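Bear in mind these aren't lab numbers, they're just calculated from the coordinates by the rules spelled out. None of the values given here were measured: they were computed from a predicted structure. Cβ placement follows ideal geometry from the backbone for every residue including glycine, while neighbour counts extend to all protein chains displayed.
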């Protein structure tokens with residue numbers, strides 16, 4: 001069963017642009033990316049859109065649909081009414097290249113700054129050993145597909161471009177948490193999390209968790225535990241005292 | 001037709017915060033393009049919290065109708081002055097008569113709620129609009145989060161947790177003490193006993209499900225396998241932590257209701273329903 005939907009798609013580049021309206025056919029079972037592709041093939045051949053797997057695993061087709069950061073390939077058209085106008089814009093926190101394609105290089109620059117995984121020495125037989133329960137928490141964060149929706153929705157950098165110099169964004173907070181919780185890692189990242197990556201900027205309003213297509217509990221399982229680890233290190237006199245008298249050498 | 005920025009200016013908003021105009025972003029003037037009723041949730045939060053703050057402030061300053069044998073309102077528990085009504089615990093000092101005994105203690109429950117990771121989300125969004133909802137631009141030109149005073153003080157949340165756990169013990173004590181009747185004899189139970197007991201349980205669940213508690217019982221460890229008991233405790237607290245928001249709201253309503261019930265008894269508006 002098909003119907004004609006009204007789409008508003010932002011078209012332009014870094015110099016400017018606007019929302020342009022289109023009427024485009026929608027078939028049963030389709031997602032927003034299907035409709036964008038139909039638009040591209042039938043009406044606006046030069047519409048720029050980044051996509052790859054169309055299965056919610058590559059993180060390429062991130063955009064904002066009716067104002068909410070979403071993956072276009074995972075947003076079913078059946079979630080909208082047939083008479084509802086669907087507005088598609090590029091990610092608003094990053095520089096636009098053209099139409100729906102943004103320059104997300106900020107995120108790769110942040111990724112390069114994270115101190116690398118530094119495992120402890122191997123055991124005598126040449127192996128590293130760890131238990132499943134020790135790495136379960138970190139494994140949740142490994143589900144990240146780096147779609148940058150959490151980075152896009154985070155008001156710290158979305159609403160304050162200047163904060164990009166001080167705050168790396170939620171994706172990199174959970175990367176720091178992942179490494180800091182890892183049983184084999186030897187680098188203490190707590191000071192760096194606070195001073196270099198701007199953990200204190202996060203006011204845990206949880207939008208990153210709301211938009212994550214992988215359902216990662218970014219705030220509850222990543223950022224807040226990391227904040228608590230920083231409290232151990234920086235703001236808790238009892239834990240500090242424990243570290244001085246040898247009860248908590250890791251604190 | 002949507003409002004758009006003229007060519008050449010780059011983005012209008014969001015992104016014009018501390019760093020000035022956001023370079024090269026898509027020029028979209030609207031604060032948000034969300035079409036749902038994103039403002040409902042912050043509005044409801046504001047209304048409910050303002051009502052609670054108004055009620056609790058009135059009751060805390062009222063300095064009356066907080067004791068109806070054998071029940072003590074949770075707003076006045078523990079009642080630490082000798083001026084407290086009834087045979088209350090623990091009566092440390094006399095204090096001026098014009099200061100309500102509630103004012104000495106309420107700073108601690110207020111502190112845990114104010115620094116709670118859930119309530120921070122709730123009031124940063126609804127009162128400070130930072131942000132009011134996801135992908136809705138906040139109205140502030142500058143944002144430093146919890147990096148400096150006073151908000152860096154949110155990091156002492158765990159100390160309020162420790163105090164709250166002491167309060168939880170006291171509230172259980174008061175609830176069990178209400179199994180005595182007006183003459184001090186054990187073997188009584190009224191609706192008030194049940195209400196105080198449920199209130200104590202809800203406040204305990206709110207404390208124990210706290211993110212700081214989750215960290216302290218085991219979250220700070222990197223090798224759970226070496227600490228199996230703490231791992232089990234962490235696993236249980238983690239399950240409760242997933243419901244922390246629900247406990248935060250239910251316990252808030254619960255404590256207000258418990259106080260209101262004692263108020264109704266103390267003013268003689270109703271009489272306690274006796275089970276035995």
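Among B:98, B:39, B:249, sorting on how many other beta-carbon atoms sit within 10 Å of each Cβ, with the fewest leading, yields B:98, B:39, B:249. Of the residues A:45, A:29, A:126, the one that moves most in a GNM of chain A with alpha-carbon contacts below 10 Å is A:126. When B:127, A:94 are sorted by how many other C-beta atoms sit within 10 angstrom of their C-beta, beginning with the fewest, the order is B:127, A:94.
Per-residue ellipticity at 222 nm computed for chain A from its helices equals -8500 deg cm²/dmol, with DSSP H segments shorter than 4 residues left out and the rest contributing -39,500 (n - 2.57).
The long axis of helix B:244-266 is offset from the longest Cα principal axis of chain B by roughly 40 degrees. Ranking of A:232, B:36, B:181 by neighbouring Cβ atoms within 10 Å, starting from the fewest: B:36, B:181, A:232. Our analysis of the protein assembly as shown gives Rg over Rh at 1.05, with the two radii drawn from alpha carbon positions and Rh computed by the Kirkwood formula.
Estimated from helices alone, the mean residue ellipticity of chain B at 222 nm is -15000 deg cm²/dmol (sum of -39500 (n - 2.57) over DSSP H runs with n ≥ 4, per residue). For chain A, modelled as a GNM whose springs connect Cα atoms under 10 angstrom apart, the maximal fluctuation among A:99, A:185, A:152 occurs at A:185. Would you mind checking the tilt of helix A:32-42 against the longest principal axis of the Cα atoms of chain A, expressed as 0 to 90 degrees and rounded to 10? The helix A:32-42 is inclined about 40 degrees to chain A. For the residues B:184, B:111, B:141, a GNM of chain B with alpha-carbon springs under 10 Å puts the largest fluctuation on B:141.
Here the calculated FRET efficiency for residue A:57 and residue A:128, from their Cβ-Cβ distance with R0 = 30 Å, stands at 0.60, rounded to the nearest 0.05. Let me check against my output: what whole-number percent is the relative contact order of chain A, with C-alpha pairs under 8 Å and at least 6 apart? Averaging sequence separation for qualifying contacts and normalising by length gives 16 percent for chain A.
Label separation (residue A:186 vs residue A:109): 3.2 nm, computed from points 7 Å beyond Cα along the C-beta direction. Distance between the modelled labels on residue A:143 and residue B:44, one decimal in nanometres: 2.6 nm (7 Å Cα→Cβ projection). The long axis of helix A:132-141 is offset from the longest Cα principal axis of chain A by roughly 40 degrees. FRET efficiency for the pair residue B:140 and residue B:37, taken as 1/(1 + (r/R0)^6) with r the Cβ-Cβ distance and R0 = 25 Å, rounds to 0.65. Modelled spin-label separation between residue A:4 and residue B:165, with each label point placed 7 Å from Cα along the Cα-to-Cβ direction: 6.7 nm. Relative contact order, whole percent, for the stretch A:3-102 stands at 35, derived from Cα pairs under 8 Å and 6 or more residues apart.
Using r as the Cβ-Cβ distance of residue B:276 and residue B:230, and R0 as 51 Å, what FRET efficiency do you calculate, to the nearest 0.05? After rounding to 0.05, the efficiency reads 0.80. What shape does the stretch B:227-270 take by its C-alpha gyration tensor, where a ≥ b ≥ c are the square roots of the eigenvalues and a/c under 1.5 counts as rounded, a/b above b/c as prolate, and the rest as oblate? Prolate is the answer for the stretch B:227-270, as a/c is 1.5 or above and a/b outweighs b/c.
Would you give the gap between the C-alpha center of the stretch A:34-66 and the C-alpha center of the stretch B:176-215, rounded to a whole Å? Taking the Cα centre of each part, the stretch A:34-66 and the stretch B:176-215 sit 57 Å apart.
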